[in-house]
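> So that we are looking at the same thing, I have put the structure below in structure tokens.
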Amino acid sequence: MRIAAGDPPHSAGACDDLGMARTRLALSAIACGLALAGCASAGPTAPTSDADVQVHPPGTPQAGAITAARALDDAPDAVGARATCGELVLDQGEELPAIAIACIDAALEAQEAALLAWSTPTTEGDPIVYFAIVETGGSSIALHSTTGFDRFGSPGWHVDRCDAITTWACA
């Protein structure tokens, strides 16, 4: 901004230049703020526990689905083990992270005990809960699932056995 030596301090030219400078400064500050906000996160990360998500009504809250599934009267004993490969609450359409699948695969290869638990919502938002379990000395993965919290599903547990899991099922 240039103010000529002969311009009075409050001349129209000086005010216009000052207003433009303030506008540019404000726009620059906004742009920098937005750029920094974009740099602050590398993007969405997989939840690491039930506490990382919001509660979704109705039925059992999505955030407590894994804990609630373990507490069901008909829950298999195996689902009560510590989740050595993590507990994840996935959003609609979200897939298991590769690192979680790799953890179960490595346990199977080493024939060491491991458990991965996750929940994912139905179209209506009701949680379906899964437990991928490798037992010590085991040669397969037991994939336990329950639709007990699905308003349109049937109660009870289902078990599949497989050599590998994919995004949320046996391969």
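> Taking 1 over the mean of 1/r across every pair of different Cα atoms in the stretch 50-162, what Kirkwood radius in Å do you get? Present the calculation step by step, with values, prior to reporting the outcome.
On the way: mean 1/r = 0.0708 Å⁻¹.
14.1 Å is the Kirkwood radius here.
> What is the sum of charges, Lys and Arg at +1 and Asp and Glu at -1, for the other residues whose Cβ falls under 15 Å from the Cβ of Ser145?
With Lys, Arg at +1 and Asp, Glu at -1, the neighbours total -3.
Where a number appears in this text, it was derived from the coordinates with a stated rule and is not lab data. Treat the numbers as computed from the prediction; the structure is a model and nothing was measured. As a convention, Cβ positions derive from the backbone with ideal geometry for all residues, glycine included, and neighbour counts pool all protein chains shown.
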